[in-house]
Ligand code: MEV
């Protein structure tokens with residue numbers, strides 16, 4: 001395929017499939033059948049999915065699972081998770097069960113502030129820009145009244161608009177740094193619409209501001225966009241129990257507690273470990289964020305920036321021993337929504353939110369932070385006791401057997417066999433061959 005395609009988005013779905021299958025796949029007929037097999041049988045639902053994005057040719061499935069028994073602030077939750085990695089849901093469920101009998105998870109919202117910025121170039125004296133800003137600040141709010149009206153009725157809206165001097169970073173660069181309260185909406189559209197209006201107001205007011213020179217009147221707006229760095233939209237989730245209650249593993253409770261503390265300290269101290277440690281946390285966070293139709297890329301970007309806020313990448317979780325009590329917690333920024341976006345459109349997202357009892361955005365933040373903390377507890381617990389591969393490979397066994405084309409009865413026999421054996425690619429292959437040769 002050497003020539004670019006013209007007007008691909010205007011082709012019908014069948015034409016798009018034809019083009020991709022015949023130009024890029026070895027067996028076009030098989031490709032078409034595969035893509036069709038993944039269509040929803042309900043035409044209405046399929047149309048909905050087709051219209052989420054451009055150029056849809058099929059659906060891409062991920063497993064949708066439930067991790068039950070999460071006791072959060074004394075209320076039981078079953079948490080929906082969308083994820084492909086074998087051991088994540090099992091680990092979450094295990095951690096939930098562990099803490100169920102030890103008081104459960106406690107959470108606290110630290111803030112709900114969202115951020116957006118207008119980035120602009122001003123060629124003049126900062127003091128004059130500051131005076132101008134103070135004089136027109138109210139206009140920014142007034143000019144966005146039609147955008148903010150309904151959000152304000154519900155108690156949200158623009159919280160503040162600040163002029164920031166970034167001239168030390170880039171010559172002539174300044175920002176309107178704006179903060180918002182978007183309630184149960186993630187708020188991206190609301191924020192971006194406000195920002196684009198701020199930008200218009202900024203340019204217009206500057207152009208007619210008598211105290212500016214011609215160069216100063218000509219403010220150049222570079223861009224207006226929300227920031228996914230939301231250090232003041234944060235939630236804390238915690239578990240704690242007497243050390244003696246950490247009594248389920250082969251290790252003595254005191255030794256287990258010390259090892260957990262060391263594991264966390266290492267992640268706090270050393271970026272290579274911190275990244276993997278936080279990746280395990282994101283296994284839990286992303287799975288719930290995805291299941292509830294939220295933007296996991298935004299969450300990922302914001303979380304990792306927060307983890308590096310002191311200039312060095314570090315752990316999102318922390319642990320201490322206070323007297324004879326073990327405490328383990330996460331502190332994480334999460335900008336989430338439970339209204340708008342896909343929340344009322346994607347049938348499984350709707351169901352996930354229903355399973356979570358239709359939470360507010362703040363409640364969802366707490367549930368998601370708990371999923372991250374639980375995942376990290378489960379990972380560290382395995383790492384400092386049995387090692388991660390035992391549990392991971394047990395869960396991965398089914399994938400290996402499926403890859404090797406095992407029948408249902410072979411799978412059953414081998415799942416039994418591997419209850420007490422180490423799962424590796426080679427050991428599974430060998431065991432399967434042995435059964436098949438009998
Ligand atoms: C694997 O997806 C996640 C872990 O590597 C996390 C960790 O090491 O803490 C097990």
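All of the numbers you see were taken from the coordinates with simple rules; none came from a lab. None of the values given here were measured: they were computed from a predicted structure. Here Cβ is always computed from backbone atoms with ideal geometry, including for glycine, and neighbour counts include all displayed protein chains.
Here are a few things to note about the model shown:
- Calculated [θ] (222 nm, deg cm²/dmol) that DSSP helices of n ≥ 4 give over the chain, each run adding -39,500 (n - 2.57): -16000 deg cm²/dmol
- Once the Cβ-Cβ distance of residue 15 and residue 403 is raised to the sixth power relative to R0 = 25 Å, the FRET efficiency obtained is 0.15.
- Full-stretch length increase - residue 320, residue 255 - with 0.36 nm per residue and alpha-carbon distance subtracted: 22.1 nm
- Averaging the sequence gap over all C-alpha pairs within less than 8 Å and six or more residues apart, then dividing by the number of residues, gives the chain a relative contact order of 17 percent.
- Over the range 392-437, relative contact order from alpha-carbon pairs under 8 Å, at least 6 apart, %: 50
- Each label point was placed 7 Å from the Cα along the Cα-to-Cβ direction; for residue 66 and residue 169 their separation is 4.6 nm.
- Each of 223, 395, 151, 186 was scored by other Cβ atoms within 10 Å of its Cβ. Listed from fewest to most, they are 223, 395, 151, 186.
- Label-to-label distance, nm, for residues given as residue 26 and residue 358 (7 Å Cα→Cβ offset): 5.1
- Taking label positions 7 Å along the Cα-Cβ direction at both residue 128 and residue 422, the computed distance is 7.5 nm, reported to one decimal.
- The range 114-227, relative contact order in percent, only Cα pairs under 8 angstrom and at least six apart counted: 44
- Listed from fewest to most Cβ neighbours within 10 Å, the set 173, 60 follows the order 60, 173.
- Mean-square fluctuations from a GNM of the chain, with a 10 angstrom spring cutoff on Cα atoms, peak among 99, 19, 39 at 19.
- Gained length - residue 436 relative to residue 102, 0.36 nm times residue gap less alpha-carbon distance: 115.6 nm
- Taking 0.36 nm per residue of separation and subtracting the Cα-Cα distance, full extension of the segment from residue 54 to residue 215 would add 53.7 nm.
- If you take the Cα centroid of the range 161-199 and the Cα centroid of the range 325-361, the two points sit 25 Å apart.
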